[in-house]
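Step one of this worksheet: look at the structure below.
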Amino acid sequence: MRRDGILRAALDEFSERGFASARLDDVAKRAGVAKGTIYLYFEDKETLFEELIRATLGPLIAELKTLPTHDVTARAALERLLGAFAKEIYGTSRRHVLRLVMNEGPRFPRLAEFHYRNVVEPAMAAMKLLLARAVERGELRHPALVSFPQLVIAPGLLSVIWGSLFDRFAPLDVDAMLRAHLDILFDPGARP
């Protein structure tokens with residue numbers, strides 16, 4: 001349980017200070033452990049951040065990899081995935097991990113690469129497979145979505161950016177936006 005407490009403290013510390021300014025001394029203090037205890041679980045600050053990525057976003061990637069593709073429609077599978085994103089990522093402090101990667105990635109390319117290899121790359125591969133099957137079955141009309149699965153997940157990233165910058169001025173109904181996005185993808189000719 002100490003490991004989980006360290007990860008929670010690290011998320012708080014990184015969220016408040018950013019990766020560069022966060023100190024392991026402060027993470028330890030937040031976690032209520034000695035600094036040396038952190039080193040029992042994590043080699044350094046970078047390894048701690050990497051594990052934070054894996055622990056917070058890994059379950060969503062696992063969900064994406066197991067989306068049913070044969071007996072459930074692509075829309076139902078994506079509703080399940082985007083619903084999990086809204087509830088388990090955006091609706092919790094886990095969204096800060098995505099924000100941190102976006103903010104810190106340009107200055108710390110190894111962290112961006114870790115995120116890409118462990119989150120983005122497997123997510124895109126699973127999404128392409130799901131979308132290709134949807135196009136084959138006629139559920140989606142535009143095959144460009146297979147080439148650009150980023151278009152399907154873009155509202156999730158937008159919600160994290162919006163939430164960080166503008167939520168205090170104009171809160172975003174993420175669930176409604178994600179439903180609208182799916183309506184546009186699966187019924188582009190519909191009229192309001």
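Observations on the structure shown:
- For region 1-160, relative contact order (Cα pairs under 8 Å, six or more residues apart, normalised by length) works out to 23 percent.
- Derived scalar couplings ³J(HN,Hα) [region 153-159; Karplus, 6.51 cos²θ - 1.76 cosθ + 1.60; whole Hz; x for Gly, Pro]: 8, 3, x, x, 5, 4, 5
- Note on region 142-181 and region 48-87: Cα centroid distance 15 Å, given to the nearest whole angstrom.
- Per-residue ³J(HN,Hα) for region 19-32, Karplus 6.51 cos²θ - 1.76 cosθ + 1.60, θ = phi - 60°, Hz, x for Gly and Pro: 5, 4, 8, 5, 10, 4, 4, 6, 4, 4, 4, 4, 7, x
- Calculated on the Cα set of region 102-192, radius of gyration then Dmax: 15.6, 46 Å.
- Given 12 as the ceiling on other Cβ atoms within 10 Å, longest exposed-site-free region of the chain for chymotrypsin sites (Phe, Trp or Tyr not before Pro) in DSSP loops: 1-165
- Calculated diffusion of the chain, Stokes-Einstein form, Kirkwood radius summed over Cα pairs, 25 °C and 0.890 mPa s, µm²/s: 136 µm²/s
- Estimated dipole of region 73-159 in Debye, rounded to 20 [Cβ of Lys and Arg +1, of Asp and Glu -1, Cα centre]: 100 debye
- Measuring against 31 Å, Cα to Cα, the residue pairs LYS45/LYS87; LYS87/LYS128; LYS45/LYS65; LYS35/LYS87 contain LYS35/LYS87 as the ones spanning a longer distance.
- Around the Cα centre of region 1-137, unit charges on the Cβ atoms of Lys, Arg, Asp and Glu (plus for the first two, minus for the last two) sum to a dipole of about 200 debye.
- Summarised as an ellipsoid, region 21-111 has semi-axes of 32, 14, 12 Å, derived from the eigenvalues of the Cα gyration tensor scaled by 5 and square-rooted, with the largest first.
- Taking only protein heavy atoms and a 1.4 Å probe, the accessible area of region 69-145 is 56% carbon and sulfur.
- Here is the list for region 19-73: GluC sites (Glu not before Pro) lying in DSSP coil, each with at most 12 other C-beta atoms within 10 angstrom of its C-beta, are GLU43.
The values are calculated or read from the model by the stated rules, or taken from the named source; none is laboratory data. These figures come from a predicted structure and were not determined experimentally. Positions of Cβ are backbone-derived with ideal geometry, glycine not excepted, and every protein chain shown enters the neighbour counts. We work out accessible area using only protein heavy atoms, side chains counted, and drop any ligands, DNA or RNA first. Shrake-Rupley method; radii C 1.70, N 1.55, O 1.52, S 1.80 Å.
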